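*Asks:* The structure that follows is given in the form of structure tokens.
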Amino acid sequence: MSGKGALSGTEVATHNSRASCWIIVHGKVYDVTDFLDEHPGGSKIILKYAGKDATCEYEPIHPPNAISDNLPPEKCLGPVDMGTVKRVEIKITDQEKARLGRLQLRPPLDEILNLHDFEAIAKLVMPEKAWAYYSSAADDEITHRENHAAYHRIWFRPRILRDMTHVDWSTRILGHRSSMPVYITATALGKLGHPDGELNLTRAAAKHGVIQMIPTLASCSLDDLMDAAQPGQVQFLQLYVNKDRQVTRRIVQHAEKRGIKALFITVDAPQLGRREKDMRMKFDAEDPDEVTKSGGEVDRSQGAAKAITGFIDPGLSWKDIPWFKSITKMPLILKGVQCWEDALEAYDQNLAGVVLSNHGGRQLDFARSGIEVLVEVVEKFKEKRGITFPNPRFQLFVDGGVRRATDVLKAVALGATSVGIGRPFLYAFSAYGTEGVDKALQILHDEFEMNLRLIGAQTIADVVPSMVDATNIHSHVVAVPGDRLYDSNYESMQHARLRETTRAKM
């Protein structure tokens with residue numbers, strides 16, 4: 001970007017200290033001097049790019065509008081003539097060279113047989129910072145593991161001697177056709193794993209006829225993701241509610257105008273969970289002594305995620321629901337409901353549905369799995385109101401821990417309209433780009449075809465409660481078969497460690 005009135009790179013380069021710190025992001029100059037000590041990732045990373053172009057560091061770990069949302073408008077000093085900006089020399093570390101070497105050793109996609117395989121490869125080829133952010137969960141990660149293990153307490157009761165020549169696993173989600181009872185659920189910061197970020201999901205979703213839920217905190221803008229969609233492609237929006245309701249109104253109404261078909265309001269994040277794998281990664285990335293010397297105190301208590309979630313309103317309550325209804329005609333779904341009482345309240349407030357979810361285990365540890373809450377919700381709705389599921393008036397969704405079509409079919413049998421899958425698609429594109437997500441969705445198609453035949457269901461409507469035994473779903477200490485693939489991918493949490501000593505220079 002260049003032109004009349006643009007600042008010169010030479011001038012920007014003079015503002016390269018704590019006393020006066022300017023940085024360039026996407027061709028614009030920002031004065032971040034007063035923001036240094038507030039930056040959740042610490043001041044050191046900003047000072048590294050003082051007077052320089054910080055776009056390469058900024059882009060993967062921030063949504064497109066993060067800098068404008070966190071700085072007063074007057075701190076944007078205008079465009080810079082990029083022809084005068086000295087390029088930042090990127091030094092490739094030995095660690096990065098080794099990672100790039102592993103990237104070349106990825107197996108071909110025809111050797112990837114299941115969603116676990118994507119995670120196994122992604123763990124080896126992703127940047128360490130990205131792996132820590134995507135894989136981390138709250139506290140001891142009990143809920144993160146339980147989300148998957150809960151499906152092991154549900155067993156099938158297959159039916160036999162039914163004509164299984166033709167099977168159809170397509171369905172309708174909030175009235176929109178989907179090729180399978182799965183949607184791509186919202187996950188933040190796609191560019192951490194791949195330069196194209198969430199665009200990988202948009203492209204693959206179009207090819208396979210599944211619905212993508214766009215995150216508020218996507219690395220790509222809403223408009224970019226909607227512009228990349230094919231004609232007629234259905235997209236939903238996940239919403240974190242801003243303390244400034246006018247910001248939220250603008251986001252929602254813009255999304256509706258662009259053609260978003262449903263709004264999923266996240267309700268389980270009045271405060272961010274402590275994701276310690278992510279926190280340790282950030283702690284190691286910055287020397288606390290240097291921060292102390294520079295006079296700034298940095299709050300690292302939430303890890304990398306805190307940098308992008310400070311705007312979320314902890315005051316969000318049931319009283320806000322009428323306001324949401326007043327600003328949009330989109331169906332409203334509450335994402336993060338964790339008990340039948342709240343699900344029933346959502347029904348009574350005439351919402352379109354709920355996602356029974358604990359945020360992928362990233363919020364409250366020892367929150368129950370979505371599939372367990374589903375059993376409770378279906379039981380109580382029938383007991384209290386005589387309501388049965390699936391129900392077009394009020395749809396139940398589940399996410400967290402899903403790795404196989406069998407997991408999805410268990411949820412469908414128990415009353416879910418559809419199931420959200422998040423991390424596996426992140427790992428798929430982190431390792432293989434759009435082709436990885438394409439392969440992941442094809443794997444699910446293949447699994448659905450096989451498993452519908454084997455349980456004796458010609459269509460999704462034939463997947464009924466009598467096809468599963470969920471007797472032990474509420475028994476958290478019952479013995480279940482271990483999932484060796486899942487367990488081998490799971491990275492155990494680490495204790496604090498002694499610092500490594502370095503040999504003194506001679």
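Where a number appears in this text, it was derived from the coordinates with a stated rule and is not lab data. Everything numeric in this text was worked out from a predicted model, so none of it was measured. Cβ: placed from backbone, ideal geometry, glycine included. Neighbour counts: every protein chain shown.
*Asks:* Can you list residues from other chains, or at least 5 along the same chain, whose modelled amide H is less than 5 Å from the amide H of Asp469?
*Replies:* The list, which skips near neighbours in sequence, is Trp155, Phe156, Arg157.
*Asks:* By a straight-distance test (C-alpha under 20 Å), which aspartates and glutamates pair with Lys325 as possible cross-link partners, with residues fewer than eight away in the same chain excluded?
*Replies:* Partners found: Asp244, Glu256, Asp268, Asp313, Asp342, Glu345, Asp348.
*Asks:* Still on this structure, I have one more. Which helices count as membrane-span-like in the chain under these terms: full DSSP H, at least 15 Å along the axis by C-alpha, Kyte-Doolittle mean of 0.0 or more?
*Replies:* 115-125
*Asks:* What order do you get for 87-100, 212-225 when each peptide is scored by the mean count of other beta carbon atoms within 10 Å, highest first?
*Replies:* 212-225, 87-100
*Asks:* If the stretch 370-506 were replaced by its equivalent ellipsoid, with semi-axes equal to the square roots of 5 times the Cα gyration tensor eigenvalues, what would those be, largest first, whole Å?
*Replies:* 38, 21, 15
*Asks:* Something else now. Using amide H atoms built in the peptide plane, which far-off residues or other-chain residues are under 5 Å from Val29 H to H?
*Replies:* Leu77, Gly78, Val80
*Asks:* By average Cβ neighbour count within 10 Å, what is the ranking of 316-328, 264-276 from highest down?
*Replies:* 264-276, 316-328
*Asks:* I would also like to ask the following. Taking the convex hull of the alpha carbon atoms in the stretch 7-84, what volume per residue do you get, in Å³?
*Replies:* Convex hull of Cα atoms, per residue: 83 Å³.
*Asks:* Which is farthest toward the positive dipole end of the chain among Val125, Leu454, Tyr240, measuring Cα position about the Cα centre, with Cβ charges +1 (Lys, Arg) and -1 (Asp, Glu)?
*Replies:* So the residue furthest toward the plus end is Leu454.
*Asks:* What is the pair-distance distribution P(r) of the stretch 134-207, computed from all Cα-Cα distances in 5 Å bins starting at 0, with each bin given as a whole percent?
*Replies:* With 5 Å bins starting at 0, P(r) equals 3, 10, 11, 14, 16, 20, 14, 7, 4, 1.
*Asks:* Would you calculate, for the chain, the mean residue ellipticity at 222 nm contributed by helices, counting each DSSP H stretch of 4 or more residues as -39,500 (n - 2.57) and dividing by all residues, to the nearest 500?
*Replies:* Using -39500 (n - 2.57) per qualifying helix, the result is -10500 deg cm²/dmol.
*Asks:* To continue, here is another question. Of Ile184, Gly360, Met226, which is farthest on the positive side of the dipole of the chain, counting Cα position, with +1 on Lys and Arg Cβ, -1 on Asp and Glu Cβ, and the Cα centre as origin?
*Replies:* Farthest towards the positive end: Met226.
*Asks:* Is there a pair in Lys52/Lys191; Lys52/Lys97; Lys97/Lys207 whose C-alpha atoms are over 27 Å apart, and which pairs would that be?
*Replies:* From the list (Lys52/Lys191; Lys52/Lys97; Lys97/Lys207), the Cα-Cα distance tops 27 Å for Lys97/Lys207.
*Asks:* Scan the stretch 434-500 for trypsin sites (Lys or Arg not before Pro) in coil per DSSP, keeping those whose Cβ has at most 14 other Cβ atoms within 10 Å, and list them by number.
*Replies:* Arg497, Arg499
*Asks:* Could you estimate the translational diffusion coefficient of the chain from the Stokes-Einstein equation, with Rh from the Kirkwood formula over C-alpha pairs, at 10 °C and 1.306 mPa s, in whole µm²/s?
*Replies:* Result for D is 65 µm²/s.
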